[in-house]
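Visitor: If you scroll down you'll find the structure; I have some questions about it.
The values are calculated or read from the model by the stated rules, or taken from the named source; none is laboratory data. On a predicted model such as this, the values are computed, not experimentally measured, just so you know. Note that we place each Cβ from the backbone using ideal geometry, even for glycine, and neighbour counts take in every protein chain shown.
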């Protein structure tokens, strides 16, 4: 950065905070985008344990960092340290993007945008259907919000290893969005196969099956999946997870997490820079780095 433009709004440092952070592809995606558009930004990963979260935010303000993404385990905890958060982030209870405007920190949830962009081609197919959401963390919150707000599904099954967390999520959205058509389930009951099979859409919001644990799947029972069903895995590395492989073998429509990842990133990119991310080039570039 030269001295003439270092205070220009088109220059600066962007980052991602999480713990651990080493597997994130966000630096690759954003730094390539900056290069393609000739923007004088750099995107850096910051490994921040939960105990240092508040101090890290103060440090980022002091350093003049323009903004950052937020990933596990901070999405649900970071809102309390921000000046304000957007409507969707407030309802969801999770923040994945922060913009620093002259020391004032504004929180957003762009995961919603990525989810909607991924599922929009199937919007009509999802009306008045049953849906399974696997997981009860920050990504599950964004998925449930999107399903309630943008897709007219009949019922949402929330499936989690700890059924109490699924129950808490049901109570949360019943209170926040006045939506009561949710059923919590333990991940291992014998009737889960039928619940999967009777759902038009299954979404895995957990990290199960993510590289390097590519042989893991939330279910390995082939009868969980049916022809014409939509199976969406938010994991994008590998592109074709074990769950998606099994679903595809039964004739299901499979959606990996790459579109969600790029589209949520594009929305964050626009919030920070005011520019549109060159998404088509980014898709191709990231795909070349991923495990198939």
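Visitor: List the residue pairs whose Cβ atoms are under 7 Å apart, where the first residue sits in the range 180-194 and is under 13 Å from residue 136 (Cα atoms) and in the same structural domain as residue 154 (by TED's automatic domain parsing), the second is exposed (fewer than 15 other Cβ atoms within 10 Å of the Cβ) and at pLDDT below 80, and the two are 6 or more positions apart or on different chains.
Guide: Pairs found: none.
Visitor: Among (1) part of a loop (DSSP other than H, G, I, E, B); (2) closer than 17 Å to residue 268 by Cα; (3) within 21 Å of the chain's Cα centre (by Cα), where does residue 65 come up short?
Guide: Against the list (1) part of a loop (DSSP other than H, G, I, E, B); (2) closer than 17 Å to residue 268 by Cα; (3) within 21 Å of the chain's Cα centre (by Cα), residue 65 comes up short only on (3).
Visitor: Output the number of the condition that residue 280 fails; it satisfies all remaining conditions of (1) assigned to a helix (DSSP H, G or I); (2) within 24 Å of residue 155 (Cα to Cα); (3) without any contact (Cβ under 8 Å) to a residue 24 or more places away in the chain.
Guide: (2)
Visitor: Within the range 64-78, which residues are farther than 26 Å from residue 169 by Cβ and surrounded by fewer than 16 Cβ atoms within 10 Å (Cβ to Cβ)?
Guide: Of everything in the range 64-78, just one residue is farther than 26 Å from residue 169 by Cβ and surrounded by fewer than 16 Cβ atoms within 10 Å (Cβ to Cβ), namely 64.
Visitor: Please determine whether any residue of the range 259-272 is surrounded by fewer than 19 Cβ atoms within 10 Å (Cβ to Cβ), in contact (Cβ under 8 Å) with a residue 24 or more places away in the chain, over 16 Å from the mean Cα position of the chain (by Cα) and farther than 25 Å from residue 15 by Cα.
Guide: no
Visitor: Would a scan of the range 138-161 turn up a residue that is assigned to a loop (DSSP other than H, G, I, E, B) and either outside the structural domain of residue 220 (by TED's automatic domain parsing) or free of Cβ contacts under 8 Å to residues at least 12 places away in the same chain (or both)?
Guide: no
Visitor: Residues of the range 221-234 being surrounded by fewer than 24 Cβ atoms within 10 Å (Cβ to Cβ), modelled with pLDDT of 95 or more and out of contact with any strand residue (DSSP E or B) (no Cβ under 6 Å at 6 or more places or on another chain), which ones?
Guide: Result: 226, 227, 228, 229.
Visitor: In the range 113-132, how many are touching a helix residue (DSSP H, G or I) at 6+ places or on another chain (Cβ under 9 Å), part of a helix (DSSP H, G or I) and in contact (Cβ under 8 Å) with a residue 60 or more places away in the chain?
Guide: Of the residues in that region, 7 qualify.
Visitor: Oh, and also: Can you pull out the residues in the range 79-103 that are closer than 20 Å to residue 269 by Cα and buried (at least 24 other Cβ atoms within 10 Å of the Cβ)?
Guide: Those that are closer than 20 Å to residue 269 by Cα and buried (at least 24 other Cβ atoms within 10 Å of the Cβ): 89, 94, 95, 96, 97, 98.
Visitor: Still on this model: With respect to residue 61, is the statement that it is touching a residue at least 60 places away in the same chain (Cβ under 8 Å) and surrounded by fewer than 21 Cβ atoms within 10 Å (Cβ to Cβ) true?
Guide: no
Results for (1) over 22 Å from residue 93 (Cα atoms); (2) modelled with pLDDT of 95 or more; (3) crowded, with 16+ Cβ neighbours inside 10 Å, shown as yes or no for each residue.
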{"position": "172", "(1), (2), (3)": "no, yes, yes"}
{"position": "188", "(1), (2), (3)": "yes, no, no"}
{"position": "196", "(1), (2), (3)": "yes, yes, yes"}
{"position": "213", "(1), (2), (3)": "yes, no, no"}
{"position": "219", "(1), (2), (3)": "yes, no, yes"}
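Visitor: In the range 34-49, what count of residues is obtained for those that are in a strand (DSSP E or B) and in contact (Cβ under 8 Å) with a residue 60 or more places away in the chain?
Guide: Within the range 34-49, residues that are in a strand (DSSP E or B) and in contact (Cβ under 8 Å) with a residue 60 or more places away in the chain number 1.
Visitor: Among what's in the range 18-33 and is touching a helix residue (DSSP H, G or I) at 6+ places or on another chain (Cβ under 9 Å) and in contact (Cβ under 8 Å) with a residue 60 or more places away in the chain, pick the residue that is surrounded by the fewest Cβ atoms within 10 Å (Cβ to Cβ).
Guide: 28
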